[in-house]
Amino acid sequence: MFRYFEHLVNPYPATETGTPPRGLLPFILHFSRPVVPLLIVMSLVTALVSAAEVLFFHYMGELVDWLSGAEREGFFAEYGWSLAGLGLLVVVGLPLLTLLQSLVTHQSIFGNYPMIGRWLAHRHMLSQSLAFYQDEFAGRVSQKVMQTALSIRETVMKLMDLLVYVLVYFAGAMLLMGRAEPWLMLPLVAWLAGYLVIMWYFVPRLRAVSMAQADARSVMTGRIVDSYSNIQTIKLFADTRREQAYARDAMEGFMATVHRQMRLATGLTVSLTLLNSLLLAGVGAMAIGAWYLEAVSLGIIAVAIALVMRIRFMSNWILWEVAGLFENIGTVQDGINTIAREPAVQDAPDARELEVPRGEIHFEALRFGYARPDGEASRVFDGLDLAIRPGEKVGLIGRSGAGKSTLANLLLRFYDLEGGRIRIDGQDIATVTQESLRRQIGMVTQDTSLLHRSVRDNIRYGSPAASEAAIREAVRRAHADTFIDDLVDVHGRRGLDAHVGERGVKLSGGQRQRIAIARVLLKNAPILVLDEATSALDSEVEAAIQEQLYALMEGKTVIAIAHRLSTIAMLDRLVVIDEGRIVESGTHRELLAKGGLYAALWRRQSGGFLGLDIDGEATESEAAARAET
């Protein structure tokens, strides 16, 4: 039975839903569609439970009248069937309705509903552009996803519960009292007016402070996660006091919203208690007066007092539910600002799969600049042209900030161009799917970040169907077998099964780099981008891996970026970029002969850190040093 209700809704819907809308109700509906039928069933069953409880109060009043007016000898003969019906309602009907309500609410909705929100929001956040995550705390984004999904559930379920209980209980109380004595409805009407005034005053203020609190909580969480994510830097610079002050500043901001919320809570509690006390006194006084004038029976007085006590209890619950409702609405609205953003880079509506039979790349009249908070753009390229032939190995060289890595990021379409286009085998990359584009490109970056998973999972991340033999061959070719077999994590997992920690923190920079190279070797994409791929390796390991990289380059189009010029001097063509423009292009020997920027950079590195040029002759700086000695 439990399993049946637990599987009435799929918490991981497969349909693509696109970017969530920014309006509050459309946003909530976006994440609620799979459970709407169950929410309707839940409300109907809740209404039946509430009606049964009101009916129970009615029968209790009837029972008081029966007992006060009937003779003992004929009591059961006259009221036996009515008592049996009341017993069935209490013992059978109400428990069965409660069971059905609980199964629908707890088994079908309670756990699945927020998971649907998390799943859909997470899928959407994975489609966000690289720039989005460069401007956000990872902890803040994850907090928004988790927090907003829960708040959507609470918002909808609280709202539906409130509507049902208010309609059924208040309408039932008015009906029962009005049938007996219309004047008994006056305290209820006055109470409702006061109740609405209290809600009108307090709820908007609670909503505002709740929105501020949700944002302050996200900032606090983001700062704490930022400290934990960069714990090595904090330890390295021995500045835990600054981190404490950084986190405390956010905590104090959060506590300021808590104090504002609690002041409102105290005022709300006192106001509601006063109003409920006036209701109890008013109904009690009028009921006793009506009884004294023989206008109502003792049963009506019992029902009236019982319903007032019930309404008194429920009014506290309802008002705090309303306050909680608006607190959750504030959290949802805060989450909308993060989750309901259109990805900056999107596939075209008719995007097709990229096919790379040759690997020819054309950068045509590129115009691009990074957006700044002031609305301006930091210009990087303004009309850059570069053609790379199929299978050509091209090295990009230039000072820091010249635009080398930006060119690689644009090829991977991490950002959209302002003008111009990039074509691979004649296909504009803006017209193909991002996933198919990146499947055809293997990239090793200077700052290698690994997933907090096993070594095996990291290596085959771009090739999930790779065999164990293929994984081990890639490990061998990347010279990563020298350390992987010795890895052991805290749970005793060894070798390829060992987990590497967040961002690969348990490994050295060189070890992470070798795993990244093994991953690209296994992926075996037709286009290869190397952005300082061997910068974290020692010279001996670098020399061994260079042989494998040169073998990997065979038959591929390669773009290699390096500050250490010796690592790319053997490539087919070297392209020198300065301030977003191509200033030189040619082979290593041709560029040295020109005596331009490349030659100056080469001399500055004393032959690219090797002391010899590629022909094995001493560089000018090396020759000068020898002459001096």
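The values are calculated or read from the model by the stated rules, or taken from the named source; none is laboratory data. Just so it is clear, the model here is predicted, and its values are computed rather than measured. For neighbour counting, all protein chains shown are included, and Cβ atoms are generated from backbone atoms with ideal geometry for every residue, glycine included.
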*Could you tell me whether ALA351 is within 22 Å of PHE414 (Cβ to Cβ), at pLDDT 90 or above, surrounded by fewer than 20 Cβ atoms within 10 Å (Cβ to Cβ) and touching an Asp or Glu at 6+ places or on another chain (Cβ under 8 Å)?*
no
*Could you please find all residues in segment 597-629 being more than 23 Å from LEU407 (Cβ to Cβ), in a loop (DSSP other than H, G, I, E, B) and either touching a Phe, Trp or Tyr at 6+ places or on another chain (Cβ under 6 Å) or modelled with pLDDT of 50 or more (or both)?*
SER606
_Residues that are within 12 Å of the chain's Cα centre (by Cα) and polar (S, T, N, Q), drawn from segment 104-149_ = SER127, GLN128, SER142, GLN143, GLN147, THR148
*Unique match (being in the same structural domain as GLU154 (by TED's automatic domain parsing), charged (D, E, K, R) and touching a Gly at 6+ places or on another chain (Cβ under 9 Å)) among GLU16, GLU53*: GLU53
*Scanning segment 1-47 for residues that are surrounded by 14 or more Cβ atoms within 10 Å (Cβ to Cβ) and polar (S, T, N, Q), which turns out modelled with the highest pLDDT?*
SER32
*What is the residue count in segment 366-393 for residues that are surrounded by fewer than 17 Cβ atoms within 10 Å (Cβ to Cβ), closer than 25 Å to PRO526 by Cβ and aliphatic (A, V, I, L, M)?*
1
*Evaluation of GLY501 against (1) outside the structural domain of GLY391 (by TED's automatic domain parsing); (2) modelled with pLDDT of 85 or more (one fails), failing number*: (2)
*asked:* List the residue pairs whose Cβ atoms are under 8 Å apart, where the first residue sits in segment 490-512 and is under 19 Å from SER449 (Cβ atoms), the second is assigned to a helix (DSSP H, G or I) and of a type in the set (Ser, Thr, Tyr), and the two are 6 or more positions apart or on different chains.
replied: GLU502/SER229; ARG503/SER229
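If you check ALA131, ALA84, ALA52, ALA121, which single one turns out to be in contact with a strand residue (DSSP E or B) (Cβ under 8 Å, 6 or more places away or on another chain) and modelled with pLDDT of 70 or more?
ALA131
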*What are the residues in segment 259-300 that are touching a Pro at 6+ places or on another chain (Cβ under 6 Å) and modelled with pLDDT under 75, if any?*
VAL283
*Being within 28 Å of the chain's Cα centre (by Cα) and free of Cβ contacts under 8 Å to residues at least 40 places away in the same chain is the filter here, so list the residues in segment 453-488 that pass it.*
ASP457, PRO464, ALA465
*asked:* Quick check on segment 318-348: of everything there that is over 24 Å from PRO26 (Cα atoms) and modelled with pLDDT under 75, which residue is surrounded by the fewest Cβ atoms within 10 Å (Cβ to Cβ)?
replied: TRP320
_Wholly within segment 547-596, strands (runs of 3 or more DSSP E) carrying at least 2 residues that are small (Gly, Ala, Ser) and modelled with pLDDT of 85 or more_ = 581-586
_Top-ranked residue of segment 206-219 - restricted to ones that are modelled with pLDDT under 80 and not hydrophobic (A, V, I, L, M, F, W, C), ranked as surrounded by the most Cβ atoms within 10 Å (Cβ to Cβ)_ = SER210
*Determine which member of the set ALA245, ALA238, ALA281 is at positive phi and more than 23 Å from the chain's Cα centre (by Cα).*
ALA238
*Confirm whether ALA518 is at pLDDT 85 or above and assigned to a helix (DSSP H, G or I).*
yes
*Of these, LEU496, LEU528, LEU417, which one is in a strand (DSSP E or B) and in contact with a helix residue (DSSP H, G or I) (Cβ under 7 Å, 6 or more places away or on another chain)?*
LEU528
*Within segment 43-52, which residues are free of Cβ contacts under 8 Å to residues at least 60 places away in the same chain and in contact with a Leu (Cβ under 8 Å, 6 or more places away or on another chain)?*
VAL45, LEU48, VAL49, ALA52
*For segment 220-253, what are the residues that are β-branched (Val, Ile, Thr) and either modelled with pLDDT under 75 or surrounded by fewer than 19 Cβ atoms within 10 Å (Cβ to Cβ) (or both)?*
ILE224, VAL225, ILE231, THR233, ILE234, THR240
*Is segment 494-507 home to any residue that is crowded, with 17+ Cβ neighbours inside 10 Å and under 30 Å from LEU384 (Cα atoms)?*
no
*So which residues in segment 1-42 are part of a helix (DSSP H, G or I) and without any contact (Cβ under 8 Å) to a residue 40 or more places away in the chain?*
ARG3, TYR4, LEU25, PRO26, LEU29, ARG33, VAL36, PRO37, ILE40
